[in-house]
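The values are calculated or read from the model by the stated rules, or taken from the named source; none is laboratory data. What you see is a predicted model, and the numbers here were worked out from it, not measured in a lab. Counting neighbours? That spans all protein chains shown, and the Cβs are built from the backbone with ideal geometry, glycine included.
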């Protein structure tokens, strides 16, 4: 006579059926419903909108601490770089120049090389409150609730930053128009395509972000702002040239234009010829 | 009879284990969420940001577009809710005034007038 030993097959079958049904319910039919999420979980398109709003609000209130706290909620590894990249993307896609400037300015300030200057004041009809509130938005994980039962969690709330501080927003130095200080041909094979590299400094020789420039050629033109590539300096901007095209460069707040900018041939040692770039410096007198 | 009972018991245990695994140990991971499920304090701060930008720009349409990102059907009543919330958690008077200013602008906003402007 044969005697069955070990785990009975019908129990194993029941367990597997139950497990399968359980997983089907948990993952497909009634998955965990996410509510009360933090901004870091948002889709990238919404994060971009959120980032843009943070920059716009910063231009309005000049509160850097508040802007930093808000940016931290998005979980960007490098908020300054994310802002700069979004500013460039905004310009490249023909978006709002005002928004690009706001993103670029906040990026430049976060890069830590710029002292915020006096910015726009709050609306005069509003009375600033001396009250100061703690800046501690909760970073708690989102509450997961299994449908259909929802678990309510206590909501940690706090206002962000202070609002009674004077508004301080970095802006381009107010004063005399920028003047051309120098033009220099740059033979660097790594600059491909060749660039017009623009450096803008104030009277104290500090780089100035947020300065708008215009490059025009053959009936077309493009705008740029300094400070959108903080890794190269806050007063830096560049424009890619096409060989054979002659460009005219000027700053919106500049006194003079630079004409005849076109890629010129550079001869390298032990390497083929390549197109050179131009480095143009504007300074406030 | 005993076998049927044990079989159903095994199904129930399997079901329980499946739910435990699927809901607790390895739940569906949500990424790329939308702002409408942001926690209420984040929504309130978002509304405050919109109000701050509005105070600077004075652009009601832009403020409405930004609030629409939160998936709200009635921006004015949503803002009223956020103001109530903000009062409850101690937003400063200045922040509340900014939000109130935007709320009043939304209530008096006339799309037809905006459409006529250049």
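Observations on the structure shown:
- Selected residue (only one of A:100, A:82, A:87, A:108 is touching a residue at least 24 places away in the same chain (Cβ under 8 Å), surrounded by fewer than 21 Cβ atoms within 10 Å (Cβ to Cβ) and assigned to a helix (DSSP H, G or I)): A:82
- Any hit, region B:32-44, residues being touching a residue at least 12 places away in the same chain (Cβ under 8 Å), more than 7 Å from chain A (Cβ to nearest Cβ) and at positive phi: no
- Count of residues meeting criterion [surrounded by 20 or more Cβ atoms within 10 Å (Cβ to Cβ) and either over 15 Å from residue A:49 (Cα atoms) or touching a residue at least 40 places away in the same chain (Cβ under 8 Å) (or both)] in region A:68-79: 2
A quick yes/no check of all residues on (1) out of contact with any helix residue (DSSP H, G or I) (no Cβ under 6 Å at 6 or more places or on another chain); (2) assigned by TED's automatic domain parsing to the domain that holds residue A:228; (3) over 30 Å from residue A:109 (Cβ atoms); (4) in contact (Cβ under 8 Å) with a residue 40 or more places away in the chain:
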| residue | (1), (2), (3), (4) |
| --- | --- |
| A:17 | no, no, yes, no |
| A:24 | yes, no, yes, no |
| A:53 | no, no, no, no |
| A:61 | no, no, no, yes |
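- Every condition in (1) more than 16 Å from residue A:73 (Cβ to Cβ); (2) more than 7 Å from chain A (Cβ to nearest Cβ) holds for residue B:28 except the one numbered (2).
- Each residue in region A:64-113 was checked for being modelled with pLDDT of 90 or more and in contact with a strand residue (DSSP E or B) (Cβ under 7 Å, 6 or more places away or on another chain), and 0 pass.
- Selection count where residues are out of contact with any helix residue (DSSP H, G or I) (no Cβ under 8 Å at 6 or more places or on another chain), at pLDDT below 85 and more than 17 Å from residue A:32 (Cβ to Cβ), scope region B:1-38: 2
- Matching strands (runs of 3 or more DSSP E) fully within region A:194-262 where at least 1 residues are in contact with a strand residue (DSSP E or B) (Cβ under 9 Å, 6 or more places away or on another chain) and free of Cβ contacts under 8 Å to residues at least 12 places away in the same chain: A:220-225, A:257-261
- Region A:21-48, subset more than 7 Å from chain B (Cβ to nearest Cβ) and assigned to a helix (DSSP H, G or I), residue surrounded by the most Cβ atoms within 10 Å (Cβ to Cβ): A:47
- Residue A:270 satisfies every condition listed in (1) part of a loop (DSSP other than H, G, I, E, B); (2) touching a residue at least 24 places away in the same chain (Cβ under 8 Å); (3) farther than 22 Å from residue A:84 by Cβ except (2).
Here's the yes/no breakdown for (1) buried (at least 20 other Cβ atoms within 10 Å of the Cβ); (2) at the interface with chain A (Cβ under 10 Å from one of its Cβ atoms); (3) under 10 Å from residue B:99 (Cβ atoms):
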site	(1), (2), (3)
B:46	yes, yes, no
B:51	yes, yes, yes
B:58	no, yes, no
B:71	no, no, no
B:83	yes, no, yes
